[in-house]
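Colleague: Attaching a single structure in structure tokens format; questions to follow.
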Amino acid sequence: MSEILFIHPGNHRKTYQELGNLHSAIAPPVWIGLLAHHVKQHGIECAILDTNVEGWSKELCAEILEKYNPKLIVMMVYGHNPSASTQTMPVASSIAADIKSVNDTVPLAMGGLHPSALPEKTLKEEACDFVLRGEGAIPIRKLYAYLTGDISCDKLVGVNFLKKDGELFDSGMPPMTEDLDETYKSYAFDLLPDLTRYRAHDSHCFQEFEKSTEPGFIDVRTPYFVLYTSLGCPYHCTYCCINSLFGKPRIRYWDLETVMGWIDTLVLKHGVKHIRLDDELFILSPKRIELFCDMIIERGYDLNLWAYARVDTVRESLLKKMKKAGLQWLCLGIEAGAAAVRDDVDKTIKRDIFDTVKMIQDNDIYVLGNFMFGLPEDNLETMRATLDMAVKLRCEFINFNSTMAYPGSQLYNYWIANAPDKLPSSWAGYTQHGYETQPLPTKYLSSEQVIKFRDEAFEEYYTNEGYLQFIKQRFGPKTVEYIRNMTKIKLKRKILGD
């Protein structure tokens, strides 16, 4: 029996279609790991169920409820980029409905970015009894105390529910956690599935592929872990929804001694080499990055680290040390080729993009470039400029995303107020690689034009012979063949009549 059962909803094969079979990552539920450790520290027994690796069915649901017999189920709807919370809602909705059909009396709460941004809508549309807002630590403990009769309703914080008359009970946003080291001391490693059941994204391990022996190179992509060294972001791009979880643009850090303790556990106890540093902006403070690298180098670990950076936060003076510490991949949010398109969504880049990518690659660090099609000022000419920039930059890997108005973002607030009929009719429409994907129209283009351009751009980039020769030089022939096979997978799109 567990007093709280944490459920991580996910179905990577449905989210990514055939790309989910081999190409996508399967990441551990690290946010749940932090919360589970937190409530355990406060004397509450809990368990974790990760449906991404354990699977889910209505028949399995009955067995799970009997096995754990929880007093409260907490389903955290989130992912390893801000968009992933909303695109996880369809599977979260299905799991919640299954639970309630088997046992309608067990209290079920949903947390994470999407429910936190839309608490009333979530309560009215989903089979859940409560919504937990913000990071979740305080709301979970308060809700559990309320359900067990230890506190009254007026003592709840960060909890929403519908009263008997249908009115929303709203105890407001919880205060932002000031001391991350005290509140989130560690991850509940003992409650997570075996870390060999998780795998890094294929591109994260390109440099390992030549020594692989298995299809999909799974043998060199696991064990795998994702962790945070900070929370939040000090920027305010209008398409991003991350700050709706924390209340305002701001970044807070764990002490690096705490972080190193986690890395020691991962390396020495679990044999982990591949780690994604999931901070919204890991490369920001030069002094912190230098100290981080020094602490890793001192330990002598052989790591394959992946981290987010902005073009204008990368410092050339630190790149050699970053490489020595195992920072193999930097992900840059480049977004658009035209400065006017970027500036319109408050993504101003104050440094030459080409110089920065070359500087990183000259230090033998690989670059993953993130690009977006369908930003408000995009037309066919500006989207072509974005694709041309991507081809000329020649990053080792790229993501082409279509623009979505994710709940919690300024874009969502604008569209819901001015043209809600242009938004997807279901949360499945907010996925990037799904069948029902429906991006935003721009001032000049339809949703169909945007997604058609995105899918054709993806194929053009990855079949470009110049790029493939570059990849052969960087990684070897196995990686080239793998990429060729990836481009044979064609995503089906409902909006295009597939």
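Colleague: Under 5 Å between amide hydrogens, which residues at least 5 positions from Leu162 or on another chain qualify, with H placed 1.01 Å from N in the peptide plane?
Modeller: Phe169
Colleague: Would you mind checking Lys67/Lys163; Lys58/Lys163; Lys422/Lys452; Lys358/Lys392 for any pair whose Cα atoms are more than 22 angstrom apart?
Modeller: On the way: Lys67/Lys163 30 Å; Lys58/Lys163 28 Å; Lys422/Lys452 17 Å; Lys358/Lys392 11 Å.
Long pairs (Cα-Cα over 22 Å): Lys67/Lys163; Lys58/Lys163.
Colleague: Using a cut-off of 10 Å between beta-carbons, work out the net charge of the residues near Lys358 (Lys and Arg +1, Asp and Glu -1, Lys358 not included).
Modeller: Residues near Lys358 contribute -2 overall.
Colleague: So how far, in whole Å, is the C-alpha centre of region 365-411 from the one of region 67-99?
Modeller: Each part's Cα centre sits 29 Å from the other's.
Colleague: Same structure, new question: Less than 12 Å Cβ to Cβ from Ile151, Lys/Arg counted +1 and Asp/Glu -1: what total charge do the surrounding residues give?
Modeller: Values: positive: Arg141, Lys142, Lys155; negative: Asp150, Asp154.
Around Ile151, the surrounding residues sum to +1.
Colleague: Report, to one decimal in Å, the Kirkwood hydrodynamic radius for region 4-170 based on all distinct Cα pairs. Please report the intermediate quantities before stating the final value.
Modeller: On the way: mean 1/r = 0.0621 Å⁻¹.
About 16.1 Å for region 4-170.
Colleague: Report, in deg cm²/dmol and to the nearest 500, the calculated mean residue ellipticity at 222 nm for the chain, where each DSSP H run with n ≥ 4 adds -39500 (n - 2.57) and the sum is divided by the residue count.
Modeller: Details: 22 runs with 200 residues, N = 498.
Result for the chain: -11500 deg cm²/dmol, rounded to the nearest 500.
Colleague: Run the dipole for region 194-496 about the Cα centre, Lys and Arg Cβ at +1, Asp and Glu Cβ at -1, nothing else charged, and hand back the magnitude in debye, nearest 20.
Modeller: Numbers: 40 positive and 40 negative charges, 43 e Å.
Its charge dipole is roughly 200 debye.
Colleague: Could you work out the longest stretch of the chain that avoids the GluC sites (Glu not before Pro) located in DSSP loops with at most 11 other Cβ atoms within 10 Å?
Modeller: Working: sites that count: Glu167, Glu178.
Of all site-free stretches, the longest is 179-498.
Colleague: OK, next. Once you measure Cβ to Cβ distances between cysteines in the chain, which Cys have no partner under 4.7 Å?
Modeller: Cysteines of the chain left without a disulfide-compatible partner: Cys46, Cys61, Cys128, Cys153, Cys205, Cys233, Cys241, Cys293, Cys331, Cys395.
Colleague: Under the Kirkwood approximation applied to all pairs of distinct alpha-carbon atoms, what is the hydrodynamic radius of the chain in Å? Please list the in-between numbers first.
Modeller: Numbers: mean 1/r = 0.0428 Å⁻¹.
It is 23.4 Å.
Colleague: With label points built 7 Å along Cα→Cβ from the Cα atoms of Glu63 and Ala340, find their separation and express it in nm.
Modeller: Rounded to a tenth, the inter-label distance reads 6.0 nm.
Colleague: Could you please state, rounded to a whole Å, how far the C-alpha centre of region 1-65 is from the C-alpha centre of region 122-153?
Modeller: Answer, in whole Å: 19.
Colleague: For Lys155 and Asp255 in one chain, what is 0.36 nm times their gap in residues minus the Cα-Cα distance, to one decimal in nm?
Modeller: Working: separation 100, 0.36 × 100 = 36.00 nm, distance 3.10 nm.
Net length gain for the segment: 32.9 nm.
Colleague: Right, something else. Measuring from centroid to centroid over Cα atoms, what is the spacing of region 307-337 and region 216-287 in Å?
Modeller: 14
Colleague: Compute the orientation-averaged projected area for region 305-358 from the convex hull of its Cα atoms and round it to one decimal in nm².
Modeller: Values: hull surface 15.2 nm².
Averaged projected hull area, Cα only: 3.8 nm².
Colleague: Now, a different point. Take the Cβ-Cβ distance between Glu290 and Arg384 as r, set R0 to 60 Å, and report the resulting FRET efficiency rounded to the nearest 0.05. Could you put the intermediate results ahead of the total?
Modeller: On the way: r = 40 Å, r/R0 = 0.66.
After rounding to 0.05, the efficiency reads 0.90.
Colleague: Dipole of the chain (Lys/Arg Cβ +1, Asp/Glu Cβ -1, origin at the Cα centre): which of Ile495, Gly408, Gly10 lies farthest to the positive side?
Modeller: Ile495
Every number here is computed from the coordinates shown, using simple stated rules; none is lab data. Treat the numbers as computed from the prediction; the structure is a model and nothing was measured. Heads up, the Cβs are rebuilt from the backbone with ideal geometry, glycines too, and the neighbour counts pull from every protein chain shown.
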